[in-house]
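Here the structure comes first, spelled out in C-alpha cells, and everything after it is commentary.
The values are calculated or read from the model by the stated rules, or taken from the named source; none is laboratory data. Predicted model, so just to flag it, every value in this text is computed and none were measured. So basically every Cβ, Gly included, is an ideal-geometry build from the backbone, and we count neighbours across all protein chains shown. Calculation scope for accessible area: heavy atoms of the full protein, side chains included, ligands and nucleic acids excluded. Shrake-Rupley method; radii C 1.70, N 1.55, O 1.52, S 1.80 Å.
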Amino acid sequence: MRPSPRPSRGPAGLPPSLLSRRRGPGRGGGASVAMAASRGGLAAWLECACAVTFDLELGQALELVYPPDYPLTEKEKASVCFLAFPDSYSGGLGDTQFSFRFRRAGGQRAAAPQETWDRDAPPGLQVAGASPLLWLRVLPASEGPSHEEGLLPEVCSEIDQWPPPTPGRVLHLPVMGIVLQVRVPSRADKPGSSPDEPVRQESILPAPLLLDSIHELDLFRCFQPVLTHVQMLWELMLLAEPLVVVAPSPAVSSEMVLALTSCLAPLRYCCDYRPYFTIHDSEFREYTTRTQAPPNVVLGVTNPFFIKTLQHWPHLLRLGELKMAGDLPKQVKVKKLTKLKSLDAKPGLYSSYRPFLHKDKGVLKGLIKGIHKKRPSEIQSALLRRHLLELTQSFVLPLEQYLTSLMPMQRAIMPWKSPPPIRPFQQEEFLKTLEEAGPQLTSVIKGDWIGLYRRFFKSPNFDGWFRQRHREMMHKLEVLHLEAISEANIGAWMKHKSEVEVVDQVLKLHEKLAQVRNQYLPVKEETVQCVARDITTLIESLPEDLQSVLCPQ
C-alpha cells in the first residue's frame, strides 16, 4: 500500500504498480488497479480501476475505467491492456494475480502534497516505494471483476468512504461484505519490534479480517529457490545492478521482483523496477539495445525470448515454479554468462559478479533446519527478513553516524543569523571512520565492506538515500532555527534597529512560517504561535503606513 510514486531517478513519469487478475483461459474478465496519492476517499487509495476483457481471437480491450473521467492516454490504455494479459510459458494459469508498472505518457498527475506521508512513512513505503499487497488481499474477496454487473463502481464507491492511509493508525476498511482491519506502518516503528498501536480484533460487525501486514511479501516463499544466494542478490540490489528475472508466470516474476526490491529495507530501492515486463512495453527497445549499458532496473519477464535478447545484461535469474513454503526446492546455481546460450537455459543465476561479503552460513542452516521441522512460513519469513534487516542496518548505520557529524552544532544556530551550512559528504573521510565505527561493530559477517561502500557510492541508491537524508537534515536545521527564534527576546533585538531592518525581519519570519506550511515541517504549534506574536510585535513598532502594507485589512 502506498501513494502514487514520483520517480526519484531514471525514467520520468512512472506510475504505481498495477495489479491484474484474470479469470480462466479464453474470454474472461480482468481488473487492474493503480494506487494513488494520499488525499482522502477514493483518491487516497487509487488512481483508477480498469476492467480488461480478453479474447483469444480479438485480443484484449479496455472496457471500463473508474472513475469514468480519469485521464488515461491512448498509450497508457494500450499498456494496461497488454500488461494485464498474463503471458506464461508454464500453461494452465487459471485464476491468477500479479502486479506491473509502466511509464506514464503524460508525466506525473496533479496530486495532493506527499510531504506529510513521506515524513511519517517508512522509506520503503514512501512515494516510489512499497509493493501493492493490500490489493492482492482485496481482489480475492470477489468472485471476479464482473463489471457488467456494476461490481467495479460499487467497490470503488466503498473505497471512496475509506479514511486516508495514515502511518501509525489502525484502519477499518469495509469492502465487498468484509472489513479489513489493518495498521499502516510508521517511520516511528522500531524495526523488529511490536508497534505502539497493534492490529487487534475489535468488537465490530461484521467481524474484521485482520491483516498483520499489508505491505510485506511471503519473503521466504519467494526466495526459496535462491536461498543460498540471498546475500549476493542483496548486494546486487544494494548496488542497483541491472537484473532480469525470467519466470514461468507473471505471478512468480512479480513476486520475485517485489521481494528483491524490498530486501533492502529500511533502505529504499531508488531505481526503476518492472514486476512484469513484455515485448509490447514502450521501453522494450530502450532496454534491449546493445548500443549503451543496461539501465539500473529489475525486469520480471516470462517470455524466454528475453534470455537471448538480454544476453548482454550482467545478471539474469532463471526461475522455475515456486514451491509451497514448506518445501525446499533445488537451489539454483550461479553460472557464468557464457553458458547462457539458448532459450532452454536451465534455472540458475547467470552472473560473473563476485560478492564483497561472505555468506552467513548460520542463518542459512537455521532456515533449512526450520524447513525440516515444518516451521510455519510466516516465522521463516520473519527470520529471513530480520537477517536482511540486520545486514542493511549494519551497512547503513556508519553512514548515518557520519551524516549526523556533518550537522552544525545546535549552539551554533543563532536566531537572527542564517543557520550554518551542513558540511559536505566526503567519501574518503567517511571510509576512514570505518576502522573504529564500521559494520564490524554490529555484524559478524566478514568481507570487503570498504569495497562494497565504494561501489555503493557510484549507485543511484546512494544518490537517492543521500538526497533524501540531506533534505531531512535541512528541514531539521530549519526547525532548530525557528525554535531558536521563538526563544529569543524580540524586544532586545528591535533596539536601535532601523525601519528597513525591522521590515526585512518581518518578511523573513513570514517566509519561515510559509515554509513550515508548504514543507510540512514538524514544528511545535507553540513555536509557530510564538513566532507569529513576534511578527505582530515587529509590525506594531512600525509607522501606520508600513503596518497597512505589511498587514493589509
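A few notes on this one:
- Odd one out for Val245, checked against (1) modelled with pLDDT of 95 or more; (2) within 18 Å of Arg455 (Cβ to Cβ): (2)
- Residue ID - farthest from Phe305 (Cα to Cα), chosen from residues in the stretch 254-291 that are part of a helix (DSSP H, G or I) and among the polar types (S, T, N, Q): Ser262
- Pairs, first in a loop (DSSP other than H, G, I, E, B) in the stretch 400-416, second aromatic (Phe, Trp, Tyr), C-beta under 8 Å, six or more apart: Leu406/Phe425; Pro415/Trp493; Trp416/Trp493
- Condition met for Gln161 (modelled with pLDDT of 80 or more, open to solvent by 40 Å² or more (accessible area, probe 1.4 Å) and of a type in the set (S, T, N, Q)): yes
- When Leu171 is tested against the conditions (1) more than 26 Å from Tyr353 (Cα to Cα); (2) at pLDDT 80 or above; (3) among the hydrophobic types (A, V, I, L, M, F, W, C); (4) buried (at least 22 other Cβ atoms within 10 Å of the Cβ), the lone failure is (4).
- Residue within the stretch 312-320 that is surrounded by fewer than 16 Cβ atoms within 10 Å (Cβ to Cβ) and modelled with pLDDT of 85 or more present: yes
- Taken as a whole, the condition of being farther than 18 Å from Asp87 by Cα, of a type in the set (A, V, I, L, M, F, W, C) and surrounded by 20 or more Cβ atoms within 10 Å (Cβ to Cβ) does not apply to Leu239.
- For the stretch 263-276, residues that are within 19 Å of Met232 (Cβ to Cβ) and either touching a Ser or Thr at 6+ places or on another chain (Cβ under 6 Å) or open to solvent by less than 10 Å² (accessible area, probe 1.4 Å) (or both) total 5.
- Residue among Thr527, Thr536 that is out of contact with any helix residue (DSSP H, G or I) (no Cβ under 9 Å at 6 or more places or on another chain), in a helix (DSSP H, G or I) and among the polar types (S, T, N, Q): Thr536
- The stretch 444-472 - residue that is under 14 Å from Leu238 (Cβ atoms) and assigned to a loop (DSSP other than H, G, I, E, B) and, of those, most open to solvent (accessible area, probe 1.4 Å): Lys458
- In the stretch 427-443, the condition of being touching a residue at least 60 places away in the same chain (Cβ under 8 Å), exposed (fewer than 15 other Cβ atoms within 10 Å of the Cβ) and acidic (Asp, Glu) is met by no residue.
- Verdict on Gln426 being polar (S, T, N, Q) and either under 30 Å from Gln311 (Cα atoms) or modelled with pLDDT of 95 or more (or both): yes
- Scanning the stretch 45-64 for residues that are under 15 Å from Glu154 (Cβ atoms) and either open to solvent by 50 Å² or more (accessible area, probe 1.4 Å) or assigned to a strand (DSSP E or B) (or both) gives Ala49, Ala51, Leu64.
- The requirement of being without any contact (Cβ under 8 Å) to a residue 24 or more places away in the chain, surrounded by fewer than 14 Cβ atoms within 10 Å (Cβ to Cβ) and out of contact with any helix residue (DSSP H, G or I) (no Cβ under 6 Å at 6 or more places or on another chain) is fulfilled nowhere in the stretch 476-487; no residue meets it.
- When Gln547, Gln515 are checked against the criterion of being open to solvent by less than 70 Å² (accessible area, probe 1.4 Å), in a helix (DSSP H, G or I) and at pLDDT below 90, a single residue qualifies: Gln547.
- Evaluating Ala251 against the criteria (1) open to solvent by 10 Å² or more (accessible area, probe 1.4 Å); (2) modelled with pLDDT under 95; (3) assigned to a loop (DSSP other than H, G, I, E, B) leaves one unmet condition, (3).
- In the stretch 353-375, the residues that are without any contact (Cβ under 8 Å) to a residue 12 or more places away in the chain and not in a helix (DSSP H, G or I): Arg354, Lys373, Arg375
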